[in-house]
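Heads up: the structure comes next, in structure tokens.
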Amino acid sequence: MEKTTPKFWQSKLIKTSIKGSFLRLDPRLLWHNPVMFVVEIVSVITSLISVSNLIYGGPFLFNIHISIWLWFTVLFANFAEALAEGRGKAQAETLRRAQSEAYAKRLLANGQTETIPALSLRKNDMVVVEDNDPIPGDGEIVEGVALVDESAVTGESAPVIREAKGDRTGVTGGTRVLSGRIKVTITANPGETFLDHMISMVESATRQKTPNERALEILLVGLTVLFIVVVGTLAPFGVYTGVKITLPVLVALLVCLMPTTIGGLLPAIGIAGMDRLIQHNVIALSGRAVEAAGDVNVVLLDKTGTITLGNRMATDFIPAAGIKNEELVEAALFASLADETPEGRSIVALAKYRLDRRGRDIKPSPEAKFIPFTAELRMSGISWNGREIRKGAADAVAKFVQERGGVIPESVTAAVDRVAREGGTPLVVVDSTRALGVIYLKDVLKEGIKERLSQLRLLGIHSIMITGDNPLTAAAIAAEAGIDDFVAQARPEEKLKLIRKYQAEGNLVAMIGDGTNDAPALAQADVAVAMNAGTQASREAANMVDLDSNPTKLLDIVEIGKQILMTRGALTTFSVANDVAKYFAIIPAIFVPFFPMLGILNVMRLSTPNSAILSAIIFNAIIIPLLIPLSLRGITYRPMTAMALLWRNLVIYGIGGLILPFIGIKLIDLLIVFLHLA
Amino acid sequence: MKEFIRALLVFVVLSILTGLAYPFLITRVAQLIFPRQAKGSLLTVNGKISGSALIGQKFTNPGYFHGRPSALEKAYDASNSGGSNFGPSNSKFLEEVGQRMEKVRVTNGLGVNAPVPADLVLASGSGLDPHISVDAAMVQAPRVAKARGLRESDIRDLVQKHIEGPLFGFLGQERVNVLRLNLALDDLSRHGGQSGESKQGTGG
Amino acid sequence: MAKDITYILVFLGVLMLLALPLGHYMAQVFTGRRTFMSFIIRPFESGLYRLCRVNENEEMSWKQYSLAFLLFNAVGFMVLFLLQIVQGRLPLNPMGFGSVRWDTALNTAISFVTNTNWQAYGGETTMSYLTQMVGLTVQNFVSAAVGMAVALPLIRAFTSKLRNTIGNFWVDMTRSVLYVLLPLSIILAMLLVSQGVVQTFAPSVKAQTIEGTEQVIAVGPVASQVAIKELGSNGGGFFNANSSHPFENPTPFSNFLEMLAILLIPAALPFTFGIMVKNRRQGWAIFAAMMILFLVGLGAAFWAEWQGNPILAQSGLGSSTNMEGKEVRFGIGPSVLWGQVTTVTSNGSVNAMHDSMMPLTGLVFMFNMAIGEVIFGGVGVGLIGMLMYAILAIFLAGLMIGRTPEFLGKKLEAREMIMAVIAVIAPAMASLIFAGIAVAIPTGLSSLNNPGPHGLSEILYAFFSAAGNNGSAFAGLNANTVFYNLATGFVMLVGRSATILPALAIAGSLAMKKSVPSSSATFPTASPLFTVLLIGVVLIVGALTFFPALILGPFLEHLLIFAGRTF
């Protein structure tokens, strides 16, 4: 799944990110990140003090040390954001390149075509795409069929069929027609395609903050304001106690206490989440939707294509009492030879396998007459030499036998009932009036679907299968797949009703859709994923587009949504927990020279007051770049219950966040002493 | 404006209910059921109010047991109340306590470094504390006996009889009500040392 | 020590025994169901609504509710202020007290309306009986009732779905007075009188002491006021010495009763909450967090106070017990317990002088107040405050499990965060800022009774007490100056309104949300893990905010005393 993922150590990316981190010092840009904006202001102040000390006398070296590390704090945070943005952009660019270099054959009113650059196409332009042409933009096929290579976008090498009318009409710019001729209406102006949308979502300047991100930012701003007051009032308290604390030291304490770690990494976490979605070949049209994906508690899944492979397959033969298995299998084989439906073919394949006649060509006698499947008869078969071999639905076959004066024996009826009860489809095989037995047709589950569904349950997500099957069949498949609930004999419009019902109960509903008649339901769902191959209507109604058109992608999206929130929460906890150690570094450093007994607070036994303050501020700065990989990757996520997850994260990031800085600051202090820096 | 009038009305009605009806009701009933307590648990000697059993008094006469220091401007001035509010690191306070300890040791004939009961030199919160600890009473027994010309053991017995123990064994400290003890002391002196027959006790 | 432990166990046992049924009873009252008291009280209630033109069934939006709350407090403030100014010309003034100074009157009016009951004045030397009753006692009732009332919208919001109303302020408040505060006060007042608390309209008693001098003994309608002062987390004493005064708290048993009364309603409200949100375990989880924080603080305070004053111990004090400012009938243990009980509940009453307690005891008391009075806290508002911390805790927890945080099915979003953050940090900031100003200006410092770090503690205590609407003091600080009257007055207003108004706003926005069904993916907030997390958030936020101030005040004093330094 992961394709050209730009690694973050790629030197070009690093270079642009470093440049970006300086450009972002512009207060007009930094304003978007209030926590770092405050750090920048105080950095300016301490720098000015250092400079004035240099000119007018005063402690210079220590102050300039502090100033430098304050600037590094801001730069590190900017770097994180620039890096995340750079990665996302690089990813999007590779997709776009294919698009921008393309040319298009635009259909003119007179039926002729003209060749123009793809970028000058406008919405509603009609283009013709033929063998080996790139598709010049996002659009919808209005005429024709084509085999399309979508590997440039999805990374999937197998070509796919796209055709006018039906649910596979959508094409994406940058993909290529291998064979066929299609007419496509362009559905987006340049700069308005999904890709452009995606790029704007990873660009920090245009990026919209998501609801949870805003709520978190309120908390961070609140803490910042609170700590400004805490540190600001420490000055008069100090004076009362007889200790005059210099401004740079107060600033150092303030910046250490402020939630700079999470404040600096917050934008990067959000952007990186979008990056991860692109890596999964999903284009989100809003950050809000990605976040909502983490909150989803109901998913609607289409049975066909999502839970099962799509078609029923023969899995067993059940002979009637007194009939040899061989005879049944052979009859079934003959009855299905002319049946070109997937079910028929699966019967042939299974029968050949059972008779050990794989590869051998079985031909019925030339005078044989095939009876094709019709909706009226609901059976098919073959007749020759007066023999009438038929297979079909139990009631239809029973009628056939009765008309000829026969009767279906008890053993066959019992087998039919059993198969139906188990959710399979029974086909009865008869030779004229003699019932031979039953073919067991069954929906086959997609590989790994059971595991994914049980993960969903762990995440507290209620899964609902939508199927046109009868309730019995639906129930059996639901049970086998481990799905929570199903809607049988569902018509498309019922999806909308169902979504509304769940939403009224307070649930957040996710669904995947592709057909035109899915559009209303997609528009109603909180998280709506459209298949890239789906219709334009469905893509417009959705808030995410899956380039792979893989329905189980929903699960990845949910996990990414959760991961983004978890990373934010964990780093916030970590950031706040860090403060305890910083107090124990800085407060004794300030007051021990005046009140030696306060040395008992110097639990880290830091060597000198200056080294203690420097160690704290250095730790505070370098923890940001150290956590960049984590915030880009997202914290490890495993499906487990909320309780287990919370314990785990609390222990790692809460208690870990409490302890780690004690160790880190001590080590930095040792290093500073070793290097004679303070 | 409608809401303001409503606010005013509700306030007036609740004020009448809780500010007038309630305290008047309580006063009425209290005066009926617990008249003595409601009026201040007053003690009378020869028909004259000599104080309240709950409020301490200032004693300076060596023939009386002395109560705790009172931080009030006028010691044991019950028209007011309050403590010293000295913090434990206040040198002025520590000095004062030192002087008080000195005085207690001198007046009661204790040794230079003899331990002094804490409550006898530390001021109470109300400035009106009617009690002292049993230790604080016993420390004064020899002085009182000497001043009154009574036997020390009789005095000790009297103190012993005036100990108010903790309710149910855990509610409150062992303590002695100074005013009551001194009234009993006067009684004892009047009856010429027949302490056993004193009618003045803890009850009343 | 063993006696103290017995004391605490019995105390907490009796408290639980009373709080559980009371919590249940209050849930009945506040959901408008009939109770065993209805047959007496209901006629009064309906009569009151008729008289005051209150429509019982009218529902208010959060803005209307807030307006009613503000108007009612404005009326209360004006009446109380004017009453003090003109008390000299009014009846029930046997001692003939004159008009109260404007700044003192202003401070006192704010103080009693905000349920703080900070007293810059000495009661028995300043206020007429009329002012004490119609002014102060009334506010003791209504400010407590307001506190309980404003907690109800927030509680209801969790169970209401897609509604834009949150209840009726007048009904909530009236019910608090009639069904809860008044009956309990009547019972308590009578019990207190039986113990010797005075209740009379007679003027001061003149006694002839046995040494022959005259003693003037102040009396008054005390029991009725003390009862509500304890039950309503008020704390404003009739006398200057508050509950250390023998007429307010005459016996160890009255002491036990009063402490019980102080904690009773705040301890019952989490249960009321649990019942009303139809999740009793949630009520227990919050109660447990409060109780654990209470016990931790109590343990620390006990340890600190029992250590005693090492300087006095050295000079030959019999036992090292620190009896300064304490009454013999209570002793150390119950005095510390009282301090802990009152500082966690925003009840400003004292039975011993906190100023004279050991520095670390003072530190615990200050911390209790500074974190915003959420360990049980004031009636109603304490629960609100704890719910604000709960919102912060659940927000973090929600993110850490990868969901938009939700509490009892309600999503917590930006709006709730703004309000919860304001509620948590605004009082803390106000107290620190004004303490900072006070230590920086001569007017602030000239009020100090104690030099050195203890002086800083006095100032910090004053503003933490004001911000937490507690009302107790390191009473050595002469707070009856124009600066302190105005500064503490302002901080009290911030402390009160920054808790209540955000809570009402949150109630308004929660009530409008739909309720998300819970699943294995939602954080179970009725769990021990929630309790642990809540405690953690309270402690961390409190510690980070007040660490420097508390280090330089009480902690430094502690170190210095044990190093033998005095000031």
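The values are calculated or read from the model by the stated rules, or taken from the named source; none is laboratory data. These figures come from a predicted structure and were not determined experimentally. Counting neighbours? That spans all protein chains shown, and the Cβs are built from the backbone with ideal geometry, glycine included.
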Quick check: is even one residue across segment C:39-49 facing chain B (nearest Cβ under 9 Å), buried (at least 19 other Cβ atoms within 10 Å of the Cβ) and not in a loop (DSSP other than H, G, I, E, B)? yes
Every residue in segment A:305-344 that is under 36 Å from the mean Cα position of the chain (by Cα) and modelled with pLDDT under 85, please. A:Gly305, A:Thr306, A:Ile307, A:Thr308, A:Leu309, A:Gly310, A:Asn311, A:Arg312, A:Met313, A:Thr341, A:Pro342, A:Glu343
Which of the residues that make up segment C:189-204 are more than 8 Å from chain B (Cβ to nearest Cβ) and surrounded by fewer than 23 Cβ atoms within 10 Å (Cβ to Cβ)? C:Leu191, C:Pro203
Taking the condition of being charged (D, E, K, R) and within 7 Å of another protein chain (Cβ to nearest Cβ), how many residues in segment B:91-114 meet it? 0
Can you tell me how many residues within segment B:63-85 are free of Cβ contacts under 8 Å to residues at least 60 places away in the same chain, more than 8 Å from every other protein chain (Cβ to nearest Cβ) and hydrophobic (A, V, I, L, M, F, W, C)? 3
All but one of (1) within 14 Å of chain C (Cβ to nearest Cβ); (2) in contact with a Lys or Arg (Cβ under 7 Å, 6 or more places away or on another chain) hold for A:Arg500; state the number of the condition that does not hold. (2)
Output yes when any residue across segment A:632-639 is polar (S, T, N, Q) and either farther than 28 Å from A:Glu559 by Cα or away from every other protein chain (no Cβ under 14 Å) (or both), and no when none is. no
Is at least one residue of segment B:35-49 closer than 23 Å to B:Ser189 by Cα, touching a Leu at 6+ places or on another chain (Cβ under 6 Å) and more than 7 Å from chain C (Cβ to nearest Cβ)? no
Mind listing whichever residues of segment B:6-34 are hydroxyl-bearing (Ser, Thr, Tyr) and either under 26 Å from the mean Cα position of the chain (by Cα) or more than 7 Å from chain C (Cβ to nearest Cβ) (or both)? B:Thr27
Qualifying residue in segment A:466-476 (condition: of a type in the set (Ser, Thr, Tyr) and modelled with pLDDT under 85): yes
From the options B:Pro88, B:Pro117, residue that is more than 22 Å from the chain's Cα centre (by Cα), facing another protein chain (nearest Cβ under 7 Å), crowded, with 16+ Cβ neighbours inside 10 Å and not basic (Lys, Arg): B:Pro88
Filter result for the condition that a residue is of a type in the set (D, E, K, R) and modelled with pLDDT under 90, over A:Arg605, A:Arg638: A:Arg638
Within segment A:535-548, is even one residue at the interface with chain C (Cβ under 9 Å from one of its Cβ atoms), touching a helix residue (DSSP H, G or I) at 6+ places or on another chain (Cβ under 9 Å) and buried (at least 23 other Cβ atoms within 10 Å of the Cβ)? no
Taking segment B:74-101 and keeping residues under 22 Å from C:Ile210 (Cβ atoms) and of a type in the set (D, E, K, R) leaves B:Lys74, B:Asp77
Mind listing whichever residues of segment C:158-174 are surrounded by 22 or more Cβ atoms within 10 Å (Cβ to Cβ) and more than 8 Å from chain B (Cβ to nearest Cβ)? C:Phe158, C:Ile166, C:Gly167, C:Asn168, C:Phe169, C:Val171, C:Asp172
Need at least 3 residues that are in contact with a Phe, Trp or Tyr (Cβ under 9 Å, 6 or more places away or on another chain) per element, so show me which strands (runs of 3 or more DSSP E) inside segment A:403-509 make the cut, counting only ones lying wholly within it. A:425-431, A:434-445, A:462-466
For segment A:474-490, does any single residue satisfy the condition of being surrounded by fewer than 22 Cβ atoms within 10 Å (Cβ to Cβ), within 14 Å of another protein chain (Cβ to nearest Cβ), in contact with a Pro (Cβ under 7 Å, 6 or more places away or on another chain) and not aliphatic (A, V, I, L, M)? no
Members of segment C:240-278 found to be charged (D, E, K, R) and more than 12 Å from chain B (Cβ to nearest Cβ), listed by number: C:Glu258, C:Lys278
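Residues are listed down the side, and each one gets a yes or a no for (1) over 16 Å from C:Phe367 (Cα atoms); (2) more than 7 Å from chain A (Cβ to nearest Cβ):
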position: C:Leu399; (1), (2): yes, no
position: C:Glu406; (1), (2): yes, yes
position: C:Lys410; (1), (2): yes, yes
position: C:Glu413; (1), (2): yes, no
position: C:Met417; (1), (2): yes, no
position: C:Met429; (1), (2): no, no
position: C:Leu432; (1), (2): no, no
position: C:Ile437; (1), (2): yes, yes
Breaking point among (1) crowded, with 22+ Cβ neighbours inside 10 Å; (2) of a type outside the set (D, E, K, R); (3) within 14 Å of another protein chain (Cβ to nearest Cβ), for A:Ala521: (3)
Scan segment C:478-491 for residues that are buried (at least 24 other Cβ atoms within 10 Å of the Cβ) and within 13 Å of chain B (Cβ to nearest Cβ) and jot them down. C:Ala479
Does B:Ala184 satisfy the condition of being outside any loop (DSSP other than H, G, I, E, B), modelled with pLDDT of 90 or more, more than 18 Å from the chain's Cα centre (by Cα) and over 30 Å from C:Ile311 (Cα atoms)? no
Is segment C:496-505 home to any residue that is in contact (Cβ under 8 Å) with a residue 12 or more places away in the chain, within 14 Å of another protein chain (Cβ to nearest Cβ) and of a type in the set (S, T, N, Q)? no
Selection from segment C:522-567 of residues that are in contact with an Asp or Glu (Cβ under 9 Å, 6 or more places away or on another chain), of a type outside the set (Val, Ile, Thr), in contact (Cβ under 8 Å) with a residue 60 or more places away in the chain and more than 12 Å from chain B (Cβ to nearest Cβ): C:Phe523
Scan segment A:246-296 residue by residue and report those that are assigned to a loop (DSSP other than H, G, I, E, B) and modelled with pLDDT of 90 or more. A:Thr246, A:Met258, A:Pro259
Looking at segment A:161-174, I want the residues that are part of a loop (DSSP other than H, G, I, E, B) and have a partner that is basic (Lys, Arg) with Cβ atoms under 9 Å, at least 6 apart or on another chain. Which pairs are those? A:Ala164/A:Lys183; A:Arg168/A:Arg162; A:Thr169/A:Arg162; A:Gly173/A:Arg96; A:Gly174/A:Arg96; A:Gly174/A:Arg97
State whether the residues of segment A:563-571 include one that is more than 10 Å from chain C (Cβ to nearest Cβ) and assigned to a helix (DSSP H, G or I). no
Inside segment C:300-347, can you point out the residues that are part of a helix (DSSP H, G or I), within 11 Å of chain B (Cβ to nearest Cβ) and of a type outside the set (Gly, Ala, Ser)? C:Glu305, C:Gln307, C:Pro310, C:Ile311, C:Leu312, C:Gln314, C:Ile332, C:Pro334, C:Trp338
